[in-house]
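**Q** Structure in structure tokens, see below.
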Amino acid sequence: MEIFGLILAGGEGRRMGGVDKAWLSLGGQPLLAHVHNRLAPQVARLAVSANGTPERFTAWCKDLPVLPDPPAHLHDGPLAGILAGLDWASLAGAAGLVTVAVDTPFIPADLVARLVPAGAGAQAEPAQAVSQGRGHPTLAYWPCAWRGQVAQALAAGERRLGARLARARRVEFADLPDPFFNINTPEDLQLAQARHDALGTGK
């Protein structure tokens, strides 16, 4: 059973002045490229979730599928993107989907192996990453069997990832520095650049 990956790239970037965070430059590459390069080797197939206008990704993504939110749930947040990802993964026969936010460029190389239990099938329970005592709902494993539950939640007006993952298995990542540091502000981007530069020099 295969595990697919989905980059959640639909955030509005309000604290970045409304900039599309997928295209913020870190070390000369967009954040989308950093997350792609770290996640792609860990999954059987990879796609990008995009609300708004998916065409803004097609030139860069080329052969990478760009999944718009379902028509009934346009702009309903990341849960709508996860539903689109589960539809895509289910149709292709995958067991489940690992999601990663586009503003987390330092995800570990074994993220999927640690989130997804060995031999996990479509009936496995969902899981979310935890670091420094804080859960990260956008960094999670969603079994394809949960597609119906996600659709029902959206139909009922639920938009919060955390509510869907309240009973999910929590997987602790004690790695230092925090592998799930996310970029929300210009100051965060400066910190990320310093970390990127330090990694480049082996520090």
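**Q** Given the options V98, V116, V43, which has the most mean-square fluctuation in a GNM of the chain, springs set between C-alpha atoms less than 10 angstrom apart?
**A** V43
**Q** As a test of the formula, what do you get for the chain when each DSSP H run with n ≥ 4 contributes -39,500 (n - 2.57) and the sum is divided by the residue count, at 222 nm and rounded to the nearest 500 deg cm²/dmol?
**A** Estimated from H runs of four or more residues: -9000 deg cm²/dmol.
**Q** Please turn the phi angles of the stretch 127-134 into ³J(HN,Hα) values with the Karplus equation 6.51 cos²θ - 1.76 cosθ + 1.60 (θ = phi - 60°), one per residue in order, whole Hz, x for glycine and proline.
**A** 9, 10, 6, 10, 9, 6, x, 10
**Q** If you don't mind, there's one more thing I want to ask. Among DSSP beta bridges lying fully in the chain, give the percent that are antiparallel, nearest 5. It would help to have the intermediate numbers written out before the result.
**A** Working: 11 of 28 bridges.
Bridges in the chain are about 40 percent antiparallel.
**Q** I would also like to ask the following. Could you give the Stokes-Einstein D for the stretch 58-167 in µm² per second, using the C-alpha Kirkwood radius, 25 °C, 0.890 mPa s?
**A** Numbers: Rh = 14.6 Å.
In µm²/s, the coefficient is 168.
**Q** Over the chain, with a Gaussian network built from C-alpha contacts below 10 Å, which listed residue (R147, R56, R45) shows the highest mean-square fluctuation?
**A** R56
**Q** With no solvent and one point per C-alpha, what does the Debye sum give as log10 I(q)/I(0) for the chain at q = 0.12 Å⁻¹?
**A** One equal scatterer on each Cα of the chain leads to -0.56.
**Q** Suppose each label sits 7 Å from its Cα in the direction of the beta carbon; what would the V19-A40 distance come out to in nanometres?
**A** In this crude label model, V19 to A40 measures out at 2.4 nm.
**Q** Taking the Cβ-Cβ separation of L199 and L64 as r and a Förster radius of 25 Å, what is the calculated FRET efficiency to the nearest 0.05? Show your work: numbers first, answer last.
**A** Details: r = 25 Å, r/R0 = 0.98.
Efficiency at R0 = 25 Å is approximately 0.55.
**Q** Rounded to the nearest 20 Debye, what is the dipole magnitude of the chain about its Cα centre when Lys and Arg each give +1 and Asp and Glu each give -1 at the C-beta? Present the calculation step by step, with values, prior to reporting the outcome.
**A** Details: 18 positive and 18 negative charges, 55 e Å.
With only Lys, Arg, Asp and Glu charged at Cβ, the dipole is about 260 debye.
**Q** Q132 to T53: FRET efficiency via 1/(1 + (r/R0)^6), r the Cβ-Cβ distance, R0 45 Å, to the nearest 0.05?
**A** Given R0 = 45 Å and the Cβ-Cβ separation, E is 0.80.
**Q** Here's another thing I want to ask about it. Between W88, W60, W23, which gets the highest mean-square fluctuation from a Gaussian network model of the chain, Cα cutoff 10 Å?
**A** Largest GNM mean-square fluctuation: W60.
**Q** Ordered by residue, what ³J(HN,Hα) values in Hz, to whole numbers, does the stretch 188-194 give under the Karplus form 6.51 cos²θ - 1.76 cosθ + 1.60, where θ = phi - 60° and Gly and Pro are x?
**A** Karplus-based 3J(HN,Hα) across the stretch 188-194 equals 4, 5, 5, 5, 5, 5, 4 Hz.
**Q** What's the carbon and sulfur percent of the chain's accessible surface, probe 1.4 angstrom, rounded to a whole number? List each step's numbers first, then the result.
**A** Numbers: 5050 of 9420 Å².
So the carbon and sulfur contribution to the accessible surface is 54 percent.
**Q** Residue separation times 0.36 nm, minus the C-alpha to C-alpha distance between N184 and Q149: what's the value?
**A** Values: separation 35, 0.36 × 35 = 12.60 nm, distance 2.95 nm.
Additional length available on full extension: 9.7 nm.
**Q** Sticking with this structure for a sec: Please calculate the 1.4 Å probe accessible area of E55, with all protein chains present, and give it to the nearest 10 Å².
**A** 120 Å²
**Q** Moving to a separate point now. Using per-residue counts of other Cβ atoms within 10 Å, averaged over each peptide, order 99-112, 24-37 from highest down.
**A** Details: 99-112: 22.2, 24-37: 17.6.
The peptides rank, most packed first, as 99-112, 24-37.
The values are calculated or read from the model by the stated rules, or taken from the named source; none is laboratory data. All figures in this text were calculated on a predicted structure; none of them were measured in a lab. Cβ sites come from the backbone with ideal geometry, for glycine too, and all protein chains shown count toward neighbours. Quick note on the areas: whole protein, heavy atoms, side chains included, nothing else; ligands and nucleic acids left out. Shrake-Rupley method; radii C 1.70, N 1.55, O 1.52, S 1.80 Å.
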